Each structure stands twice: as C-alpha cells, then as structure tokens.
1. Residue by residue through the range 91-119, note down the ones that are in a helix (DSSP H, G or I), closer than 13 Å to Val11 by Cβ and in contact with a Leu (Cβ under 8 Å, 6 or more places away or on another chain).
2. Consider only pairs whose beta carbons are under 9 Å apart and that are at least six residues apart or on different chains; among these, list those whose first residue lies in the range 70-91 and is touching a residue at least 40 places away in the same chain (Cβ under 8 Å) and whose second residue is of a type in the set (Ser, Thr, Tyr) and within 16 Å of the ligand (Cβ to nearest atom).
3. Taking the range 91-142, which residues are of a type in the set (S, T, N, Q) and under 22 Å from Leu29 (Cβ atoms)?
4. Residues that are of a type outside the set (Val, Ile, Thr) and touching a residue at least 40 places away in the same chain (Cβ under 8 Å): does the range 34-48 have at least one?
5. Of the residues Leu5, Leu35, only one is within 11 Å of the ligand (Cβ to nearest atom), part of a strand (DSSP E or B) and not charged (D, E, K, R); which?
6. Return a yes/no flag: does the range 174-185 have any residue that is touching an Asp or Glu at 6+ places or on another chain (Cβ under 8 Å), closer than 17 Å to Asp117 by Cβ and either of a type outside the set (Asp, Glu) or assigned to a strand (DSSP E or B) (or both).
7. Please identify the pairs in which a residue from the range 20-33 that is within 18 Å of Lys57 (Cβ to Cβ) has its Cβ atom under 6 Å from the Cβ atom of a residue that is within 16 Å of the ligand (Cβ to nearest atom) and among the β-branched types (Val, Ile, Thr), counting only partners at least 6 apart or on another chain.
8. Just give me the residues in the range 43-87 being within 12 Å of the ligand (Cβ to nearest atom), surrounded by fewer than 20 Cβ atoms within 10 Å (Cβ to Cβ), assigned to a loop (DSSP other than H, G, I, E, B) and not hydrophobic (A, V, I, L, M, F, W, C), in sequence order.
Amino acid sequence: MNLVLFGPPGVGKGTQGEKIASEKGMVHLAMGDILRAAVRDGTDAGIKAKGFMDAGKLVPDDVVVAMIEDKIVAGVGSGFLLDGFPRNVPQAEALAAMLNKHGLKIDRTIFMDAPEDNLLKRLCGRLICRACGFGFHRQYSPPLKSGCCDRCDGELYQREDDREDVIANRLHVYRDQTAPLLDYYQHQEGFCKLDAGGEMDVVYAALKKLV
Ligand code: AMP
C-alpha cells in the first residue's frame, strides 16, 4: 500500500506516519527529515535547502522532487508513506508523473487537520532527540529526565523552525501553498479526511481505520 499524508505543520504527520508505517512495514518517507539529513551531511541539496528551511519557506520544487524520486524508487516493493511531500500542487503533479513512470499509484491520500491554536501549542513545545529523532513535548509528553531522550539518553533540542516567528511563517506558507492540495486531491480516488485535533491514541485509532 502507498499512502500520502498531508496537512498543516504540527498536525502529527510525522508522529502518526512513523507509527503506522512501522506497524504496516511501509517505508516512511518524511520530506522534512530527508532535508534535515541532507543539511546535516552538507550535500549540495542540503546547502541549497538550508536557508529556505530556517526561514520556514518551501525548498524549491526541483530540489525536493529529485530527492524524493530516488527514495520512492528505492522503497518499491514494501509500500511507502509520504509525509510532507507533496506540499503544493506542482509537486503533486510531479509526483503523479513520477509514479506513472514507475508503474506505481497512491492508494490513500489522507488529509489531517486540527484547529490552529492546537497546532501552535504542539509546535512551540516540541522537542526532538538529536541522536534517534524521537519526539517529545514539554507539556503533553515530557521526557522522564529533562533534556534527555527516554529511549537512548540522547540530547533533546528544539528545531530552529519551531520558534514562534518561524512557525507563523510556516502556517502562512501552508495556507497559501499547501492548502490548495485539498482541492487537487479531494475528488480523486482514495481521498479521506482525518480529524487530528484529539489525543494521539485517538487519532491513531482513526488513522488505522482509514488505512
Ligand atoms: P517538516 O519537517 O515537514 O515540518 O518540514 C520542515 C521544512 O522542510 C519545511 O518548513 C520546508 O522548509 C522544508 N520542506 C519539507 N517538505 C517540503 C516539501 N515537500 N517542499 C518544500 N520544502 C519542504
């Protein structure tokens, strides 16, 4: 099965996507994680992407499309879950053309949504483990020991783009560029909506039903 999860920043695409992908044995392709790894490794794509990411803007389409195609092709066979790609209509069109070229298709496109004050609270309190990437939240799921990952004892940090000023810009970019994907996908086969405003376990149970 091949899935696309899309929705605003902070809605839980990463957390829920990772969980469902590992349960179903799918490859989880999180565009943000792929880009952050490229920045960390200092690749050409990472160097191009960094300034856009720090400002909360979208990285140019040609950069992200080239990066994701390699990963999709590498993951053929086990099924994939796309999280954070596509993020605008031209990327969705590029994805459709790419899948067509490789004889693949999307089985479900899931639009996750939650009220904006909810998204803000989730993003502002988010903490990530530098070593294993596991996510915590200062208020909703705090680590047992402050600043340390429960899983691997790695150092927890706040993403540069989870600062309040950058979050405001990311939400603006979402409304302006990503929200039109709803019109693009909602009449296509396999489209569904998921109310992601509730507790993590409740949202996950609803997601499982859709998948
Ligand atoms: P995320 O981890 O999904 O919140 O993404 C973090 C940042 O990576 C975004 O704010 C963008 O700067 C960049 N990014 C992630 N996915 C895409 C995409 N599909 N197109 C362009 N930029 C992206």
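1. Glu116, Leu119
2. Pro86/Thr178; Pro86/Tyr184; Arg87/Tyr174; Arg87/Thr178; Asn88/Thr178; Val89/Tyr184
3. Hits for the range 91-142 are Gln91, Asn100, Thr109.
4. No, the range 34-48 has no match at all.
5. Leu5
6. No, the range 174-185 has no match at all.
7. So the pair list comes out empty.
8. Answer for the range 43-87, where residues must be within 12 Å of the ligand (Cβ to nearest atom), surrounded by fewer than 20 Cβ atoms within 10 Å (Cβ to Cβ), assigned to a loop (DSSP other than H, G, I, E, B) and not hydrophobic (A, V, I, L, M, F, W, C): Lys57, Pro60.
Readers should treat all values here as calculations from the given coordinates under stated rules, not as data from a laboratory. Everything quoted here is computed from the prediction, not taken from an experiment. With ideal geometry, Cβ positions are generated from the backbone for all residues, glycine too; neighbour counts draw on all protein chains shown.
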